[in-house]
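The structure appears below as structure tokens.
The values are calculated or read from the model by the stated rules, or taken from the named source; none is laboratory data. If you're wondering where the values come from, they're calculated on a predicted model, not measured in any experiment. FYI the Cβ positions are ideal-geometry reconstructions off the backbone, even for glycines, and counts take in every protein chain you see. Please note that ligands, DNA and RNA were not included when accessible areas were found on the heavy atoms of the full protein model with its side chains. Shrake-Rupley method; radii C 1.70, N 1.55, O 1.52, S 1.80 Å.
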Amino acid sequence: MKLAYQFMATIVVCFLLELFLPWWSLAIGACAVAYFIGNKGFVSFLVGFIAVAVLWVGMALYIDQSTHSILTEKVNRLLPLNSFLLMGLIGGLVGGFGALTGALAKAK
Amino acid sequence: MKLVKLAISLLITTSLIYFLNNSWNFGSPIPPLGKFLDPFHGFWKNAQTAAVDSETISIPGLKDKVTIYYDSVLVPHIYATNDEDLYAAQGYITAKNRLWQMEFQTHAAGGRISEVVGKAALDFDRTQRRLGMGYAAETSVKSMEANPIAKAMVDNYTKGVNAYIQSLSYSELPIEYKLLGYAPEPWTNLKSGLLLKYMAKTLNTGERDLEMTNALKLFGKETIDLLFPDQEGVGDPIVDNTGNWKFKPTTLDSVPPSVPNEFVNIKPLEKSPPDIGSNNWAVSGTKTKSGAPILCNDPHLELNLPSIWYVVHMNAPGVNVMGASLPGSPAIISGFNDSIAWGVTNAQRDLVDWFKIEFKDKSKNEYLSDGQWKPTRKVIETINVKGAPVYYDTVVYTHHGPVVFDQSFHGENEKNHFAHRWIAHDPSEEVLTFHKMNRATNHTGYMDALDHYTSPAQNFVFACVNGDIAMRIQGKYPVRRKNEGKFILDGTKTSNDWQAFIPNDQNVMYKNPSRGFVSSANQYPADASYPYYIQASNWEAYRNRRINTVLTQLNQITPTDLMNLQLDNFNLKASESLPIFLSYLDSTSLKGAALEAYNKLKQWDYFNTIESEGAAYYEAWIRSLTPLVWDEFDDPKTALPRPSTFLTIKLMKEKPELDFFDVKATPEKETAKEIIQKSFVEGVAAIEKWKAENKKDLTWAAYKGAVANHLLRQKAFSYNIEHGGNSSIVNAHSKTHGPSWRMVVSLEKSGINAWGVYPGGQSGNPGSPYYNNLLQLWTKGKYVKFTFVSEAEKMKGKEIATITLNPASK
């Protein structure tokens, strides 16, 4: 149950933070959620990783659909990896390490 | 232990953020990945649909409300109540659609690309600085700001651009800023000045004085006169006014040209390719179906994305004008209003000279002039380089201009110092010309506007609703002595300097000629009775003749006829040379690929259409032929010029035994005939190689392989183009250059009808459907019929969105 809470809360908090703050506010969101309702270290990392990856890729898919992939195809030619994969990975890592930091701070 | 773990985790998180928040270069550049990929602020925010939002914005300093309607191709129709607001709104809306391009092009003009892309651009930046681009722009801004109208134009344009820049958050930045990890700086009047000088550089730097100097030393005067004549004696001049030049010309004492004794072994600067040129013409109502004059213009430039042109309709009391503007400069450059239309082609004239400088010593503090040592002025150029230390470059100025080459720049030793004299360094107020032209109502207004125009010299075509048509070749031209300007000049004697300028009213011009049309296509400007000596590195030999032939034949002309002429793919060069080339081949001995090529060429109708195979074979043949003929001009150490293709073909016909036809590398003696045979074999081999490499059917468009490149040469934002034509053809579309704007205006008394298109789109955003929608029309040879109404109320219902600009309350 705690897994689902942390997962949902991370998505909601990061979404709200990103409306006002730059992209790196993800780390703050994931960290805070893990601190207050997080799981233990590695589990928190995984939940943070997946939650942020889902948030980012979900948002991107929504934009991609509503703009008929007008820019996605072009940017995919620029990047070494597919943009969805790459952003899942990058967002995930930042979210994961943010959550891990929060979980470790709580366990201290 | 727990604390250590926490610290490590925190450190990883922050380092990760730092890494992903900045751009890097590990062999290839990496954007700030986190920032760039973020779907809340990153590149995703640049993805758009065809629907455009209406907006209301407050701009400080605006006098009154301005309404801008976007039409269905995103052309803004600006309705203001005064000129100041009109220019502010033009600045605002242009920046909204083209900000990154505006800044990048002015960075390029001023030699500041290294700070965006790194060391790779350092030589380019140093070239710009050493040519005095900044110096030229500063001089021109000074003259603009000295004139109240010009000052109001640039001040308000700048205000509008800055209002847009200040409104931007990171997520709204153009994608290129996000990709390269930088942000726009405030716009200034100097940037508008730089942009105009960038155009001047593009149009003036076909000159080859250094190469010609080497050629003169190597081959002697007789050969130079044969291979590089002042004119090639082909076609009509732009203005034939024989016997009617009724003025007393300024004359100068002749001075023998003093050419340096040693070869000039420096790496010449990159030149504007000869496919930079343009067509324009106006036909009188006596030749048109409607009885109204029709004016056409298509400037040929490098085809880049975002496009060099941005179409705007500008309306305020006393002005209702529409046409192509240059993003970064106020007013409209090629367009029409309720009464007149005008357009431009390059005048080609030589407006760049190089003076050999003698410095007193290595310090370069003094230089010799008429037996005296004069002080130099030194400018230290500071070039910021991304990912590398700042580069300082000292440029020495003389009274001629900046000394471009030295040991540290393109020169092999400290012997060759050449100062760059360029007309664009002189004070000028071009924006005033366009302000007045935009408001002109008749021929007098057009003439008055052009009196303010200095550089780059252009052939200004004109037509008026009242029936007048005209052509004027306007610019500030030094009075030349014979052969002056072809070679490097001795900079130690002021008698070699530019002594006087041709008065404006003695420039080449005429009105309503009896043939019923005026036209220009970069050919020689005037008939033999024009009293001034005229010289250029390149006069166009083919397009102008085709245009004049068609215009002479046509009667009852419609706008569609003239669109067809702009799109005309007839290859006059091929029609004049191919029959002779083919006659030198022994068709009975040909087999396989050579026989196929021969047959395709034999059947070819000389039209460079998309599907044509003959056009591809001919082009491959010509590309092999000229290097074989002019092998004497290929010297890895000494830069030499190349005679024109027209002259090459002419010599093959008239002097087939000429020594130059002998290939130096072979023991036997070749004539034109053997060159033609050899180059045929090479051309066919080139086509076979192309077929093998590309694995597709041979067509002209595929072989040409044309592209519209993004300004960053970023393939993902560029497009391949399948289009006919070629350089030297009226539809002058080569691999990278071509008609950058096609305009047709019918000046009917009941109202103007105008069409236009350019290879790009009104939006500079690769994530917008308006980024390449006009490119698609252009490629198919289609035009947009422009919406052009003088009252704002009548725009209602024709718009897809409305942008309202309000004065900001204090």
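With all protein chains kept in place, the per residue accessible area of segment B:322-433 amounts to 34 square angstrom at a probe of 1.4 angstrom. Spin-label pair B:Asp634-A:Phe36: with each label point 7 Å from Cα along the Cα-Cβ axis, the two points sit 7.5 nm from one another. Computed from protein heavy atoms with a 1.4 Å probe, the total accessible area buried between A and B is close to 3300 Å². Averaging Cα coordinates gives a centre for segment A:47-108 and one for segment B:618-669; these two points are 60 Å apart.
Here segment B:222-372 is treated with +1 on each Lys and Arg Cβ and -1 on each Asp and Glu Cβ, and its dipole about the Cα centre works out to around 600 debye. Here the peptides B:665-672, B:283-290, B:575-582 are ranked by packing, the mean other Cβ count within 10 Å, and the order with the highest first is B:283-290, B:575-582, B:665-672. Once the Cβ-Cβ distance of B:Val4 and A:Asn76 is raised to the sixth power relative to R0 = 45 Å, the FRET efficiency obtained is 0.65. May I ask you to give the percent of accessible area on segment B:599-743 that is carbon plus sulfur, with a probe radius of 1.4 Å? Accessible surface attributable to carbon and sulfur in segment B:599-743 totals 50 percent. Rounded to the nearest 5, the antiparallel percentage of DSSP beta bridges internal to chain B is 85%. Shape of segment B:103-162 from its Cα gyration tensor (a ≥ b ≥ c, root eigenvalues): rounded if a/c is under 1.5, otherwise prolate when a/b > b/c, or oblate? Oblate is the answer for segment B:103-162, as a/c is 1.5 or above yet b/c matches or exceeds a/b. Placing one equal scatterer on every Cα of the protein assembly as shown and applying the Debye formula, the log10 ratio I(q)/I(0) at q = 0.06, 0.08, 0.10 Å⁻¹ is -0.48, -0.83, -1.23. A dipole drawn for the protein assembly as shown from +1 and -1 charges on Cβ atoms has a positive end, and of B:Asn507, B:His435, B:Tyr79 the residue lying farthest that way is B:Tyr79.
What the phi angles of segment B:107-113 give under the Karplus curve with 6.51, -1.76 and 1.60, with θ = phi - 60°, is a coupling list of 4, 4, 4, x, x, 10, 6 Hz, glycine and proline written as x.
Shielding of peptide A:49-58 by partners, expressed as the average count of other chain Cβ atoms within 10 Å per residue Cβ, is 1.
Placing a pseudo-label 7 Å from each Cα along the Cα-to-Cβ vector at B:Lys248 and B:Lys796 gives an inter-label distance of 6.4 nm. The magnitude of the dipole of the protein assembly as shown, with charges of +1 and -1 set on the Cβ of Lys/Arg and Asp/Glu and taken from the Cα centre, is near 2180 debye.
Counting Cβ atoms of other protein chains within 10 Å of each residue's Cβ and taking the mean over peptide B:282-288 gives 0. Using a simple spin-label model with pseudo-atoms 7 Å out from Cα toward Cβ, B:Ala808 and B:Thr49 lie 3.3 nm apart. Between B:Lys511 and B:Gln776, the FRET efficiency estimated from the beta carbon spacing at R0 = 51 angstrom works out to 0.85. The smallest convex shape that holds all Cα atoms of segment B:290-390, its convex hull, gives 278 Å³ per residue. Of the solvent-accessible surface of segment A:2-107, computed with a 1.4 Å probe over protein heavy atoms with every protein chain present, carbon and sulfur atoms account for 78 percent. In the full protein context, segment A:2-107 carries 46 Å² of accessible surface per residue, based on a 1.4 Å probe and ignoring ligands, DNA and RNA.
The phi-based Karplus calculation (6.51 cos²θ - 1.76 cosθ + 1.60; θ = phi - 60°) puts the 3J(HN,Hα) values of segment B:687-696 at 5, 4, 5, 4, 4, 5, 6, 9, 6, 9 Hz, whole numbers, x for Gly and Pro.
Per the helix-only calculation at 222 nm, which mean residue ellipticity applies to chain B, given -39500 (n - 2.57) for every DSSP H run of n ≥ 4 and division by its residues, nearest 500 deg cm²/dmol?
About -10000 deg cm²/dmol.
For the residues of A:17-28, the average number of beta carbons from a partner chain within 10 Å of their own beta carbon is 5. Within the shell defined by Cβ-Cβ distances under 12 Å, the residues around B:Asn337 carry a net charge of +1, with Lys and Arg each +1 and Asp and Glu each -1.
For segment B:155-161, 3J(HN,Hα) computed residue by residue from phi via the Karplus equation (6.51, -1.76, 1.60; θ = phi - 60°) reads 4, 6, 4, 4, 4, x, 4 Hz, glycine and proline entered as x.
How high is the relative contact order of chain B, in percent, counting Cα pairs under 8 Å that sit 6 or more residues apart? Each step should come with its number before you reach the end.
Working: 1698 pairs, mean separation 162.6, N = 810.
Relative CO of chain B lands at 20 percent.
Each part gets one Cα centre, and for segment B:1-40 versus segment B:436-504 those centres are 58 Å apart. Under a 5 Å amide H cut-off, with hydrogens placed 1.01 Å from N, B:Ser334 pairs with B:Ala324 among residues at least 5 apart or on other chains.
Ranking B:Phe104, B:Phe359, B:Leu747 by how far each Cα lies toward the positive end of the dipole of the protein assembly as shown (charges on Cβ) leaves B:Phe104 at the top. Exceeding 18 Å between C-alpha atoms, which entries from my cross-link table qualify? They are B:Lys159/B:Lys201; B:Lys267/B:Lys356; B:Lys45/B:Lys96; B:Lys96/B:Lys178; B:Lys142/B:Lys197. Cα-Cα > 18 Å for B:Lys159/B:Lys201; rest within. Local charge for B:Glu207 was computed over the other residues whose Cβ lies under 12 Å away, with Lys and Arg +1 and Asp and Glu -1, and equals +2.
Placing +1 on each Lys and Arg Cβ and -1 on each Asp and Glu Cβ, with no other charges, gives chain B a dipole about its Cα centre of roughly 1300 debye. Annotation: amide H-H contacts under 5 Å for B:Val784 (H modelled 1.01 Å from N, sequence separation of 5 or more, or interchain): B:Gly756, B:Val757. Ligands, DNA and RNA are left out, and with a 1.4 angstrom probe the accessible area of segment B:86-199 is 29 Å² per residue.
Put simply, the amide H of B:Leu640, placed in the peptide plane, has neighbours under 5 Å in B:Asp635, leaving out anything fewer than 5 places away on its chain. When every Cα-Cα distance of segment A:2-107 is counted in 10 angstrom steps from zero, the calculated P(r) takes the values 18, 45, 26, 10, 1 percent. Segment B:329-367 and segment B:179-227 have Cα centres separated by 9 Å.
The residue among B:Gln714, B:Phe409, B:Val684 whose Cα reaches farthest toward the positive pole of the charge dipole of the protein assembly as shown, with charges on the beta-carbon of Lys, Arg, Asp and Glu, is B:Gln714. Can you bin chain B into rounded, prolate or oblate? Criterion: square roots of the alpha carbon gyration tensor eigenvalues sorted a ≥ b ≥ c, rounded for a/c under 1.5, prolate for a/b above b/c, oblate for the rest. Cα axes put chain B in the rounded bin.
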